[in-house]
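Since the structure comes first, as structure tokens, the remarks are kept for the end.
The values are calculated or read from the model by the stated rules, or taken from the named source; none is laboratory data. Fair warning: this is a prediction, and the values are worked out from it, not measured in the lab. So basically every Cβ, Gly included, is an ideal-geometry build from the backbone, and we count neighbours across all protein chains shown. Just so you know, the surface numbers come from the protein's heavy atoms only, side chains and all, with ligands and any DNA or RNA stripped out. Shrake-Rupley method; radii C 1.70, N 1.55, O 1.52, S 1.80 Å.
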Amino acid sequence: LVGSFSSARLREFRTLCRGTVPTSAGPAEVALFRLCPSGRVAARLVGHPVEALQIPVRSKRIPLATRAMIRRAHRAGVQVHVWTVDDAELMGELIDRGVDGLISDRTDLLKDVLTQRGLWRETDDDTASNQNGGAIADLAP
């Protein structure tokens, strides 16, 4: 999954890859998902496949990672990944809202939250390894 804060760079990447590599939504595409009453309408307006919205909890004073926006994205088949979440309580709230992924600088806290919720399982797979050892977290309901 490739993402960028630059819509122009995402467009160029998508053109070069001819849709063979999944991408996340750029800022303008996130705005469509935030403003449209339907995720399916937003997805049609975007005009190309978007695998995920990779968003902050809020942008300035505008909340982005709301239950409603997460539902809209899911109805359109789009995952929601929230960054950068370094607070255990907020991690739990976002999991309860239905996010598909959390990006954090505090992987130790994230592991604790996921373990408490039964969402963390150890693995020997080197591709899933990180500083805490190999692990997979399944946030899907």
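Is region 13-35 home to any residue that is of a type in the set (Asp, Glu) and over 30 Å from Gln116 (Cβ atoms)? Among the residues of region 13-35, at least one is of a type in the set (Asp, Glu) and over 30 Å from Gln116 (Cβ atoms), which makes the answer yes. Taken over region 7-34, residues that are exposed (fewer than 12 other Cβ atoms within 10 Å of the Cβ) and of a type outside the set (Lys, Arg) amount to 6.
Take Trp83 and decide whether it is more than 22 Å from Val2 (Cα to Cα), of a type in the set (Phe, Trp, Tyr) and either open to solvent by 30 Å² or more (accessible area, probe 1.4 Å) or modelled with pLDDT under 85 (or both). Here the answer is no, as Trp83 does not meet what is asked.
Checked against (1) over 13 Å from the mean Cα position of the chain (by Cα); (2) under 25 Å from Ala43 (Cβ atoms); (3) of a type in the set (D, E, K, R); (4) at pLDDT 95 or above, Asp100 passes all but a single condition, namely (1). Could you tell me whether Val21 is touching a Pro at 6+ places or on another chain (Cβ under 9 Å), among the aliphatic types (A, V, I, L, M) and not in a helix (DSSP H, G or I)? Criteria not met by Val21.
For Ala73, the requirement of being surrounded by 15 or more Cβ atoms within 10 Å (Cβ to Cβ) and under 20 Å from Ser7 (Cα atoms) is met.
Sub-7 Å Cβ pairs linking a first residue in region 26-47 that is over 21 Å from Ser6 (Cβ atoms) and without any contact (Cβ under 8 Å) to a residue 40 or more places away in the chain to a second residue that is open to solvent by 40 Å² or more (accessible area, probe 1.4 Å) and outside any loop (DSSP other than H, G, I, E, B), at least 6 apart or interchain, are Cys36/Leu45; Gly39/Arg75; Arg40/Arg75, ordered by first then second residue. In region 87-102 there is no residue that is open to solvent by 40 Å² or more (accessible area, probe 1.4 Å) and more than 23 Å from Trp120 (Cα to Cα).
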